[in-house]
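Worksheet: one structure, shown below.
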Amino acid sequence: MDMGIVGKTALICGSSKGLGRGCAEALAAEGVNLIINARTVLELEETAEDIRKAYAVEVKTVACDVTTIDGRSKILNTIKKLDILVTNAGGPPPGKWHDWEREDFLAALEANMLAPIMLMKTYLPSMMKQKWGRIVNITSQSVKAPLANLGLSNAARTGLTGYVAGTARQVASHGVTINNLLPGVHDTDRIVSIDKNVMKTEGISMDAVKARRKSSIPVGRYGTRDEFGAACAFLCSQHAGFIVGQNILLDGGAVNATI
Ligand code: NAP
């Protein structure tokens, strides 16, 4: 299917690896020019070079921490106008409800709620003016079904979801859609570090951790960044103009819910 977005420009935050990279590659495959972002310069530049070699698109890089005001200023100085925005950053650390103080909540809200909100606020006016835009926020399955060991994520991402629900409906008549993609377990560095944490705290092998996790997913495996990227590219396509303010789970059926 032709997504109809050749020549558009996309900023994909947190995209040197993992789910963000999956989105960047899927958009590049559709002929979209990219600005990719991460904090680690070397890895970011290597990813940019890989994508340039594989697809005939322009790839700019902005190395910065997207969860800080300085980082977002650096992005804004590089790119004033966008067609597509994919927000993403690292997730908050795991733990239980009693582990966190006010500062931990503030950090999680800054990274996983306020950073995407501020980016949307920055780029929405120009998208609305040009009467076309696509915004996809990478959130988590924890928005639909809380994860006991990820309370900071449960809290911050649900706040973002509420903001998107209200905002998406205010900008839709200007040709701009905002939706959220909710990853379940995907095979990325983030999940490796969470699995390692389980291995350590429960004193079991990595194979045992993975086998148990896979058995909780009806598909029987972890998702891939390519599958995730393909869903993102569709939401950013011309065909997705009637999908507004939705929360789309990509979890292999793990969340056991009728709707
Ligand atoms: P990942 O493999 O660790 O990749 C994260 C990417 O974002 C890297 O490119 C990283 O590069 C960049 N990044 C992290 N923090 C950043 C920041 N503050 N500013 C700019 N770039 C930043 O993680 P992932 O698995 O793709 O996860 C992406 C998001 O989805 C996370 O919020 C995660 O919690 C959420 N999620 C993932 C899963 C899963 O199964 N993988 C499930 C549910 C939710 P640098 O470190 O160099 O900055």
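Bear in mind these aren't lab numbers, they're just calculated from the coordinates by the rules spelled out. Please read these numbers as outputs of a predicted model, since none were measured by experiment. For neighbour counting, all protein chains shown are included, and Cβ atoms are generated from backbone atoms with ideal geometry for every residue, glycine included.
For a modelled paramagnetic label at residue 40, 7 Å from Cα along Cα-to-Cβ, the residues of region 82-123 in reach, with backbone nitrogen under 19 Å, are 88-94.
When the chain is described by a simple charge dipole with +1 on each Lys and Arg Cβ and -1 on each Asp and Glu Cβ, the residue from 51, 114, 38 located farthest towards its positive end is 114.
Descending by average beta-carbon neighbour count within 10 Å, the peptides 75-84, 8-17 line up as 8-17, 75-84, the highest first. Estimated at 0.36 nm per residue, the fully extended path between residue 205 and residue 2 surpasses their Cα-Cα distance by 68.6 nm. Note on residue 212 and residue 103: with the Förster distance fixed at 35 Å, the Cβ-Cβ geometry gives a FRET efficiency of about 0.60. For the residue pairs 8/121; 8/131; 60/81, the C-alpha atoms sit more than 18 angstrom apart in 8/121.
For the chain, averaging the sequence separation of C-alpha pairs within contact (under 8 Å, six or more residues apart) and dividing by the residue count gives a relative contact order of 22 percent.
Less than 5 angstrom separates the built amide H of residue 249 from those of 182, all sequence-distant by 5 or more or on a different chain. Shown is the FRET efficiency for residue 169 and residue 259, computed with R0 = 22 Å from the Cβ-Cβ distance and rounded to the nearest 0.05: 0.70. Shape descriptor for region 48-104: Rg over Rh equals 1.13 (Cα atoms; Rh from the Kirkwood inverse mean 1/r).
Dipole magnitude for region 1-73: computed about the Cα centre from +1 point charges on Lys and Arg Cβ and -1 point charges on Asp and Glu Cβ, it is near 120 debye. Seen from residue 9, the other residues with C-beta closer than 12 Å to its C-beta sum to a net charge of +3, counting Lys and Arg as +1 and Asp and Glu as -1. Placing unit charges on the Cβ atoms only, positive for Lys and Arg and negative for Asp and Glu, gives region 99-241 a dipole magnitude near 520 debye about its Cα centre. Along each principal axis, taking the top coordinate minus the bottom one, the Cα set of region 207-259 gives 43, 26, 13 Å in descending order. Taking only the Cα atoms of the chain, the radius of gyration and Dmax are 17.7, 56 Å.
Helix 18-29 axis versus longest C-alpha principal axis of the chain: approximately 30°, rounded to the nearest ten. Helix 225-235 and the long axis of the chain differ in direction by around 40°, with both axes built from C-alpha atoms.
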